[in-house]
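Taking it in order: structure first as structure tokens, then the write-up.
The values are calculated or read from the model by the stated rules, or taken from the named source; none is laboratory data. Computed from a predicted model, the values in this text were never measured in an experiment. All Cβ positions, even for glycine, are placed from backbone atoms using ideal geometry, and neighbour counts span all protein chains on display.
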Amino acid sequence: MEDMQTKNQQEQDEFEQNQVILTPGQLVAKRFFRNKLACVGLGIIIVMVLFCAIGPFFSPYGEYEIFYIDNETGKEVRMAEGGVGGSNMGVNVKAPMSSKHWLGTDADGRDVLTRIMYGGRISLTVGIVVVVIELITGVLMGGIAGYYGGAVDMVIMRLVEIFNSIPFIPLMLIIASVMFAAGVLPQYKIYYIMGVMGILYWAGVARLVRGQILSLRELEYMQAAEATGIRTSRKILKHLIPNVMPIIILIATMDMGGVILTESVLSYLGVGIAWPYASWGNMVDVVNQSVILKNYVNIWLPPGICILLTVLAWNFIGDGMRDAFDPRMKR
């Protein structure tokens, strides 16, 4: 009997020695990578980023380089970047898919695959910049409102309600008209749009962060921090904000896909980045012509698939992050 107890104790000691103590971050990563859809989404985003960031360096064509078919010779002619499109020269410029142009050329004689790469840079950049702006503003305003409460909370929450009441699409149409009247160059329009979207989107983030702060500031560890007499800024930045990081990360991943989709809608409506610059949204805009919709699927379908895959991937990642940060998820 004594030998059996000794053996059991030895096995227990060996088991404890082999146990690996994981940090909270490692536990989150372990839960995240157990989610197959989240891993698929992460893989899609990595592929998209590499495709858009590195792909243009391997493309033999420029973003604005024009090709057209000469009606007399029937051969493809390359025109210098920034030249006049073939559609203005009375020649056929929409080339089908071939070994030279894997996805053909668009109505202006530009290589579709190359423009998808450059357009992806714009769409992904818009998503990242807008989410960063909304998170910085929303976390700051929500943290202040939740911590101080009282009159400060009331003022900030009334601002949140005002921003939530602003009709987004009509406002963007008005801003686009103002930029057009002011003569803003097409390459600079996207910066104004990113700024406006980031400013308008902060209200939802602030409301969520405020709710978390209100519950956290009453916990025992915050009362202990109060007793130590540390500065208010340190209490917010070192004790409160880190504890709302899970909700912040979830907001970032879930909003990323939404922002990309919104930019695509704005570009489709002509409010986003303007010709000749490409984004996935304004590349899909060509389907407003029934001829292209029916006969030139290679022009509008690939950027549409890129939008679909990217938004779906961010949603998969957001679901995976939500489950990973949930301590009740044991599997």
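Can you pull out every residue in the range 253-262 that is of a type in the set (A, V, I, L, M, F, W, C) and either surrounded by 21 or more Cβ atoms within 10 Å (Cβ to Cβ) or not assigned by TED's automatic domain parsing to the domain that holds TYR201 (or both)?
Passing the criteria: MET256, VAL259, ILE260.
Can you run down the residue pairs with Cβ atoms below 9 Å, 6 or more apart or on separate chains, where the first is in the range 150-164 and surrounded by 11 or more Cβ atoms within 10 Å (Cβ to Cβ) and the partner is basic (Lys, Arg)?
What qualifies is ASP153/ARG210; ILE156/ARG210; MET157/ARG207; MET157/ARG210; VAL160/ARG207; VAL160/ARG210; ASN164/ARG207.
VAL184 is checked against (1) over 24 Å from ALA252 (Cα atoms); (2) assigned to a helix (DSSP H, G or I) and fails just one. What number does that condition carry?
Result: VAL184 passes all but (2).
So which residues in the range 260-319 are closer than 30 Å to ILE247 by Cα, among the β-branched types (Val, Ile, Thr) and touching a helix residue (DSSP H, G or I) at 6+ places or on another chain (Cβ under 6 Å), if there are any at all?
ILE260, ILE307, THR310, VAL311, ILE317
Identify, please: which residue in the range 183-201 is among the hydrophobic types (A, V, I, L, M, F, W, C) and under 11 Å from VAL126 (Cα atoms) and is, among those, modelled with the lowest pLDDT?
ILE190
Has the range 266-273 got at least one residue that is free of Cβ contacts under 8 Å to residues at least 60 places away in the same chain and farther than 20 Å from PHE168 by Cβ?
no
Is at least one residue of the range 219-233 in a helix (DSSP H, G or I), surrounded by 18 or more Cβ atoms within 10 Å (Cβ to Cβ) and at pLDDT below 80? Show your work before the answer.
To start, the set of residues in the range 219-233 that are in a helix (DSSP H, G or I) comprises 220-228, 232-233.
Applying the additional criterion that residues be surrounded by 18 or more Cβ atoms within 10 Å (Cβ to Cβ) yields none.
No: zero hits.
Any residue that is farther than 17 Å from GLY258 by Cβ, surrounded by fewer than 14 Cβ atoms within 10 Å (Cβ to Cβ) and among the aromatic types (Phe, Trp, Tyr) - is there at least one of those in the range 190-211?
yes
What residue, of TYR61, TYR68, is in contact with a strand residue (DSSP E or B) (Cβ under 6 Å, 6 or more places away or on another chain), at pLDDT below 65 and among the aromatic types (Phe, Trp, Tyr)?
One residue alone meets the criteria, TYR68.
Quick check on the range 75-98. Is at least one of its residues farther than 30 Å from LEU237 by Cα, modelled with pLDDT of 65 or more, of a type in the set (Asp, Glu) and outside the structural domain of VAL311 (by TED's automatic domain parsing)?
Within the range 75-98, not a single residue is farther than 30 Å from LEU237 by Cα, modelled with pLDDT of 65 or more, of a type in the set (Asp, Glu) and outside the structural domain of VAL311 (by TED's automatic domain parsing).
Six or more apart or on different chains, Cβ atoms under 8 Å: show the pairs whose first residue is in the range 38-60 and of a type in the set (Val, Ile, Thr) and whose second is surrounded by fewer than 17 Cβ atoms within 10 Å (Cβ to Cβ).
Hits for this filter: ILE44/LEU309; ILE44/LEU312.
Could you pull out the residue among LEU312, LEU301, LEU308 that is part of a helix (DSSP H, G or I), closer than 30 Å to ASN35 by Cα, at pLDDT 75 or above and over 17 Å from the mean Cα position of the chain (by Cα)?
Matching residue, one of LEU312, LEU301, LEU308: LEU301.
Filter the range 163-182 down to residues that are of a type in the set (Gly, Ala, Ser), modelled with pLDDT under 85 and out of contact with any Lys or Arg (no Cβ under 8 Å at 6 or more places or on another chain) and give me whichever is nearest to THR262 (Cα to Cα).
Of the range 163-182, the ones of a type in the set (Gly, Ala, Ser) are 165, 176-177, 181-182.
Within this subset, residues satisfying the condition of being modelled with pLDDT under 85 are 176-177, 181-182.
Those still in the list that are out of contact with any Lys or Arg (no Cβ under 8 Å at 6 or more places or on another chain) too: 177, 181-182.
On the way: SER177: 18, ALA181: 23, ALA182: 24 Å.
Selected residue: SER177.
Applying the selection to the range 165-189, what residues are exposed (fewer than 15 other Cβ atoms within 10 Å of the Cβ), among the aliphatic types (A, V, I, L, M) and more than 14 Å from SER267 (Cα to Cα)?
ILE166, LEU171, ILE174, VAL178, ALA181, ALA182, LEU185 - these are the residues of the range 165-189 that are exposed (fewer than 15 other Cβ atoms within 10 Å of the Cβ), among the aliphatic types (A, V, I, L, M) and more than 14 Å from SER267 (Cα to Cα).
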